[in-house]
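Trainee: Got a structure for you, questions after.
The values are calculated or read from the model by the stated rules, or taken from the named source; none is laboratory data. Not measured: the values here are computed from a predicted model. When we count neighbours, we look across all protein chains shown, and the Cβ atoms used for this are built from the backbone with ideal geometry, even at glycine. Calculation scope for accessible area: heavy atoms of the full protein, side chains included, ligands and nucleic acids excluded. Shrake-Rupley method; radii C 1.70, N 1.55, O 1.52, S 1.80 Å.
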Amino acid sequence: MGYRRGYYRKDGTYVQGHFANNRSKFSNKNNGCLLLILILIAFTSIISCSDSSESNCSTKNCDDFKSRAEAQSAFENNKDCYKNLDADGDGIACENLK
């Protein structure tokens with residue numbers, strides 16, 4: 001708020017000096033903090049998405065194994081990494097191998 005000096009209007013009437021709110025409805029002292037918080041949230045979500053997309057799993061398929069037993073052993077040791085070896089989801093890896 002600031003003090004507005006008295007002034008004359010175009011029609012010649014005098015307006016007494018008064019305190020006036022110079023700020024708009026959306027302008028206040030917290031806008032900088034709000035902007036900083038939004039940038040921080042966006043930055044952390046970008047980092048968390050990029051970390052989760054990287055995988056420590058090797059990309060192997062059934063052609064990389066010599067036998068079904070070898071593929072089944074790898075599948076049972078780490079089902080999350082080798083879930084592509086079990087196409088129909090029955091727990092048996094590389095059913096097309098002998």
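Trainee: Working only within region 68-89, note down all residues that are open to solvent by 40 Å² or more (accessible area, probe 1.4 Å), among the hydrophobic types (A, V, I, L, M, F, W, C) and part of a loop (DSSP other than H, G, I, E, B).
Mentor: Of everything in region 68-89, just one residue is open to solvent by 40 Å² or more (accessible area, probe 1.4 Å), among the hydrophobic types (A, V, I, L, M, F, W, C) and part of a loop (DSSP other than H, G, I, E, B), namely A87.
Trainee: Any chance you could count how many residues in region 7-22 are part of a strand (DSSP E or B) and open to solvent by less than 100 Å² (accessible area, probe 1.4 Å)?
Mentor: The total comes to 4.
Trainee: Related question: For S58, which of the numbered conditions (1) in contact (Cβ under 8 Å) with a residue 24 or more places away in the chain; (2) open to solvent by less than 60 Å² (accessible area, probe 1.4 Å); (3) assigned to a loop (DSSP other than H, G, I, E, B) fails to hold?
Mentor: (1)
Trainee: Being open to solvent by 80 Å² or more (accessible area, probe 1.4 Å), modelled with pLDDT of 85 or more and more than 30 Å from G2 (Cβ to Cβ) is true for just one of I39, I92. Which residue is that?
Mentor: None of the other options fit; the residue is I39.
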